[in-house]
Amino acid sequence: MPGKKAEVKAKESIAVTFPDGSKKQFPKDTQVLEVVQGIGPKLAKEAVSASLNGKEVDLTQAIQENAALTVHTFEHAQGKDTYWHSTSHLMAMAVLELFPGAQITIGPAINEGFYYDIDYDRPFTPEDLQRIEARMKELAKKDLKVTRHEWTKKEAKEYFAKKRQAYKVKLIDELQDKTVSVYEEGNFTDLCTGPHVVSTGKINAIKLLRVSGAYWKGDAKNKQLQRVYGISFPEQKMLDEWVKQQEQASARNHVKLGKEMDLYSFHEESPGNAFFHAKGMTLYNALLEFMREKYRVKEYKEISTPIILKKELWIRSGHWDHYKENMYFTKIDDVEQAIKPMNCPGSILVYKNARRSYKELPLKLAEFGIDHRHELSGVLNGLFRLRKFMQDDAHIYCTPEQLKQVIPETIEMVDEVYKAFGFEYKVELSTRPKDSMGAEELWTTATKALHDALNARKVKFELREGEGAFYGPKIDFHVKDSLGRTWQCGTIQVDFQMPERFDLTYIGSDDKEHRPVMVHRAIYGSLERFLGILVEHYAGRFPLWLSPVQVKVLPLSEKFEDYAKSVHHELLQSGIRSELNDSGETLQYRIRTASLEKIPYIIVVGEKEEKGKTIAVRDREGKQMFGVQLAAFIADAKKKAIERTEA
RNA sequence: GCCCACGUAGCUCAGCCUGGUCUAAGAGCACGAGUUUCGUAAACUCGGGGCCGAGGGUUCAAAUCCCUCCGUGGGCUCCA
C-alpha cells in the first residue's frame, strides 16, 4: 500500500527503549499495543498495561515522544493492580445495572483482588453477590472496549450529577486539576486515573468473595457503605489454584490448630482472652526462656510490677488523657484504680526507687508484663488480637548520647530473635502524630536517633508520617505470617516525655542531676500474638526446641511396657519432653495418633530393643532408625534443642 | 462500636430453604467397657453422651419461620 507508506514517512519518528536496553523507531502516535504486537503475539495477548517513562498507561496510549517502555502482564504487580482495578469497574457496572439507585464511590485494587464501596439502601446478600458475579461474566464475554477520555471538571460533574452519582461529584470537587480522566465501557463511565485493560474480555475468571460494611472516607461518623470484595484471574486454572491455596492457608489457622493440638482454647465466658492449656504453656514458656537467655547476654534486668495501679499514676503518665477509652478501671476501698494497659509507669516507679548514677546507664529493665486493653469487640481475633496479653516489654534508661549505642543494639537483638524463627519482616519508622505531647526539638532529636540507627545498619524501612505514639517516635517491626499478612510485633520507641512527667534523673560525672531518655521496646510484642503467628508459620510442626511434646514412647505390646517406661523416664530425667502411650491400642494406631499430633520423634521399643538396650526412632518424615543407643539419641536431641536448629 | 455470615454431642459436620416419621434429633472421630498383644499412619464388639448458643414471638406443631441478646469469623476503625 504505497499510500500508507507515504503517510508513515510523513510522520515524525520516535525511539522506544525496551527494558533490555534495545531501541526501536516507531512513527509518532503509535499505540503501545501496536508496539507490543510487534514484539510477539503471546505478549500482546497477556499484556495488561504498560509503563511509559515510568508512568503507568493504557495499552491504547499513543506514544508521542522518545520513551522507555515496560510491558506489564498479570505476573507483574502493576499488571495485577490494573487487572483487578478493571475488574472492580466491571463490578460497578454490573451493580448499577442490577441495582438502580445504587451509588458507587471508590473501588481500588488491593493486595489480593479488589473491592468497590457502594452506597445502597440495604446490604447485599450472598445471592446478590451471585447475581452480580453472573452479570459481570456476561459483560466480560461481550468484550466491551474500555476507552479513556479527558473531560473538564465541569463536564464530568454534569455527567455524574445527571447519573445521580453524588459521591463522584464530591470526588471531582476535591481534585485540583482542571481536567479529569474517565473510563468508558459500554454504557458505563467511571471517574478514574487508570490505567485499565483494553477491553472487558481480558477479564476471565471472576469470583466475588464477601461483603462488609465500610465507612465513606474510613470515618465512622460518615455513612456506612457496602464494600464488596472480589478477585479475578486471566485463567480459570489460576482462580482454582488460588481458592485451593486459601483453603490450605485456613487449614493452618492458629485457632483451629490450637484446638486440634490442645494448646489453648477460647470461651464465651471471657471473650477476647485465651485459655492456655498445658501444651500451649510449654510453648509459651519456651518463648520466655529464649528471651530470658537473650536478656542475660544483653545484660537486661528482669522486674515485675503490679497489674492494678492508682488513677493518679495514669493521670501523671498521660494515659488518662490519651488512652482512657481502652482502659479498664476498678475501685478498691473507694480509691479509683486502673488495670494497666502498658508497663511503663510501673517500670518508672522502680527506676525512681533509687538515686541513679550515670555509671548504671544504660539501665535495661525488662518485664514480662500482663496488660489489659478494652479493645472493641469487633476487632478481637484469636491470639492475634486479645484484651489480655503479655508483652516482652523492656524500658531502657540512658543518656541522650547513649541512644547511638542503645538503638542499634536493640535493632540487632530484634533481628537475632526473628532469625531464630526464620521470619521475614519489614520495618517502619513512625513520626509525630497530631494527638501528642512534648516540645518540637525533642521530637526532632528522637526521630533523628532512630533514623540514623536504621541508616547505619542499612535497614530498609518505610516512613510513616504522623503515625508515632503520643509520647515519641518509634520503629515498628512487622513479621510476615503464612497467609502473607503482616503483624506488628516488635517496636522500639524513644520517649523524652515520660522522664519529664515523672521527673526522672540520674547523677552525672559532674555530680549534677540530668534527665535520662527512656526507650520502650518489645520484640515478640505480645507473647500470645507471636505464638499464634508461630503456630501458623510452622503449621503446627514446631522445631524440636518449641515442641510441647518432643518424644512419644510406644511399647510394641504390653510385654514391653516396663522397658518403655524406663526409656520414658530416662528421657524426662534428661530434660526431654517425653510422653508414654501404653494404651492397649495397636502400634499402627498409636503411631498414627502421634503423627497427627506432629510430635518430632516417635520411639518404639519391642523385644529387639529391650534385649539390646536400644530404641527404634521414627522422625516426622517417617524415616526410621533401628538399634539406636538411648544415650546417643538424648545427646543429639539436647544438642538440637539447645542450638534451636530445625528438627 | 458498626456491617455481613455463622452458632446442632468434646471435635468435624448432616438435618433448617419447603415447620409434622431421616424414629423419643443423626453420622464420623474422640470417650468408656470388653475382646485382641500387635514391628511403624485407623483391629473388632457393645455403650454413655445434645434444654439444636440464650431469651422471647408466630403456629395445632419450631433445630427448622420472625425478633432481641450473647459468642465466633470476615471487614471498617484502632493496635501488641
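Out of curiosity, is A:GLY186 within 16 Å of RNA strand B (Cβ to nearest atom) and either within 23 Å of A:ILE132 (Cα to Cα) or surrounded by fewer than 18 Cβ atoms within 10 Å (Cβ to Cβ) (or both)?
no
Can you name the number of the only condition in (1) within 11 Å of RNA strand B (Cβ to nearest atom); (2) touching a residue at least 60 places away in the same chain (Cβ under 8 Å); (3) more than 22 Å from A:ASP371 (Cα to Cα) that A:ARG464 fails?
(2)
Of the residues that sit in the stretch A:586-617 and are in a strand (DSSP E or B) and within 19 Å of A:MET261 (Cβ to Cβ), which one is farthest from RNA strand B (Cβ to nearest atom)?
Filtering first and then ranking leaves A:TYR601.
Filter the stretch A:582-623 for residues that are touching a residue at least 40 places away in the same chain (Cβ under 8 Å) and within 38 Å of the chain's Cα centre (by Cα); which is surrounded by the fewest Cβ atoms within 10 Å (Cβ to Cβ)?
A:ARG620
Go through A:GLU536, A:GLU579 for me and flag whichever is out of contact with any Cys (no Cβ under 9 Å at 6 or more places or on another chain), under 26 Å from A:THR282 (Cβ atoms), surrounded by 16 or more Cβ atoms within 10 Å (Cβ to Cβ) and modelled with pLDDT under 95.
Being out of contact with any Cys (no Cβ under 9 Å at 6 or more places or on another chain), under 26 Å from A:THR282 (Cβ atoms), surrounded by 16 or more Cβ atoms within 10 Å (Cβ to Cβ) and modelled with pLDDT under 95 holds for just one of A:GLU536, A:GLU579, which is A:GLU536.
In the stretch A:164-183, which residues are among the basic types (Lys, Arg) and outside any helix (DSSP H, G or I)? Let's see the steps before the verdict.
We begin by selecting, within the stretch A:164-183, every residue among the basic types (Lys, Arg); these are A:164, A:168, A:170, A:178.
Correct list: A:ARG164, A:LYS178.
Any residue in the stretch A:515-524 that is closer than 23 Å to A:LEU363 by Cβ, within 9 Å of RNA strand B (Cβ to nearest atom), of a type in the set (Ser, Thr, Tyr) and not in a loop (DSSP other than H, G, I, E, B)?
Yes; the residues of the stretch A:515-524 include at least one that is closer than 23 Å to A:LEU363 by Cβ, within 9 Å of RNA strand B (Cβ to nearest atom), of a type in the set (Ser, Thr, Tyr) and not in a loop (DSSP other than H, G, I, E, B).
Given the criteria touching a residue at least 24 places away in the same chain (Cβ under 8 Å), under 23 Å from A:CYS489 (Cβ atoms) and assigned to a loop (DSSP other than H, G, I, E, B), does A:MET342 qualify?
Taking the combined requirement at face value, the residue satisfies it.
Which of the following residues is surrounded by 15 or more Cβ atoms within 10 Å (Cβ to Cβ), of a type outside the set (Gly, Ala, Ser) and within 16 Å of RNA strand B (Cβ to nearest atom): A:LEU129, A:LEU90?
None of the others qualify; the one that does is A:LEU129.
Determine which single condition A:GLU302 fails, assuming it passes every other condition in (1) among the acidic types (Asp, Glu); (2) surrounded by 13 or more Cβ atoms within 10 Å (Cβ to Cβ); (3) within 14 Å of RNA strand B (Cβ to nearest atom).
Tallying (1) among the acidic types (Asp, Glu); (2) surrounded by 13 or more Cβ atoms within 10 Å (Cβ to Cβ); (3) within 14 Å of RNA strand B (Cβ to nearest atom), A:GLU302 fails exactly one: (3).
Looking at A:MET437, A:MET390, A:MET413, which one is modelled with pLDDT under 90 and either in the same structural domain as A:GLU302 (by TED's automatic domain parsing) or away from RNA strand B (no atom under 15 Å from the Cβ) (or both)?
Numbers: A:MET390 fails: modelled with pLDDT under 90; A:MET413 fails: modelled with pLDDT under 90.
Matching residue, one of A:MET437, A:MET390, A:MET413: A:MET437.
I need the full set of residues from the stretch A:364-385 which are in contact with a Ser or Thr (Cβ under 7 Å, 6 or more places away or on another chain) and either near RNA strand B (Cβ under 9 Å from one of its atoms) or among the acidic types (Asp, Glu) (or both), in order please.
A:GLU367
Pull out all pairs, ordered by first then second residue, where Cβ-Cβ is under 7 Å, the residues are six or more apart or on different chains, the first lies in the stretch A:206-220 and is in the same structural domain as A:ILE132 (by TED's automatic domain parsing) and of a type in the set (Gly, Ala, Ser), and the second is modelled with pLDDT of 85 or more and more than 8 Å from RNA strand B (Cβ to nearest atom).
A:ALA214/A:ASP117; A:ALA214/A:LEU225
Of all residues in the stretch A:203-233, which are surrounded by 14 or more Cβ atoms within 10 Å (Cβ to Cβ), near RNA strand B (Cβ under 6 Å from one of its atoms) and under 13 Å from A:PHE114 (Cβ atoms)?
Of everything in the stretch A:203-233, just one residue is surrounded by 14 or more Cβ atoms within 10 Å (Cβ to Cβ), near RNA strand B (Cβ under 6 Å from one of its atoms) and under 13 Å from A:PHE114 (Cβ atoms), namely A:ARG227.
Is the stretch A:141-152 home to any residue that is in the same structural domain as A:GLY186 (by TED's automatic domain parsing), within 16 Å of RNA strand B (Cβ to nearest atom) and either outside any helix (DSSP H, G or I) or under 28 Å from A:ASP20 (Cβ atoms) (or both)? Outline the logic, then answer.
To start, the set of residues in the stretch A:141-152 that are in the same structural domain as A:GLY186 (by TED's automatic domain parsing) comprises A:141-152.
Remaining after also requiring within 16 Å of RNA strand B (Cβ to nearest atom): none.
Looking for residues that are in the same structural domain as A:GLY186 (by TED's automatic domain parsing), within 16 Å of RNA strand B (Cβ to nearest atom) and either outside any helix (DSSP H, G or I) or under 28 Å from A:ASP20 (Cβ atoms) (or both), one finds none in the stretch A:141-152, hence no.
Only one residue in A:ALA156, A:ALA134, A:ALA92, A:ALA161 is over 32 Å from the mean Cα position of the chain (by Cα), small (Gly, Ala, Ser) and either under 20 Å from A:LEU209 (Cα atoms) or assigned to a strand (DSSP E or B) (or both), so which one is that?
Step by step, each of A:ALA156, A:ALA134, A:ALA92, A:ALA161 is checked, and only A:ALA134 is over 32 Å from the mean Cα position of the chain (by Cα), small (Gly, Ala, Ser) and either under 20 Å from A:LEU209 (Cα atoms) or assigned to a strand (DSSP E or B) (or both).
The values are calculated or read from the model by the stated rules, or taken from the named source; none is laboratory data. Bear in mind the structure is a predicted one, so any value in this text is a computation, not a measurement. Please note: Cβ atoms are built from the backbone with ideal geometry, for glycine as well, and neighbour counts cover all protein chains shown.
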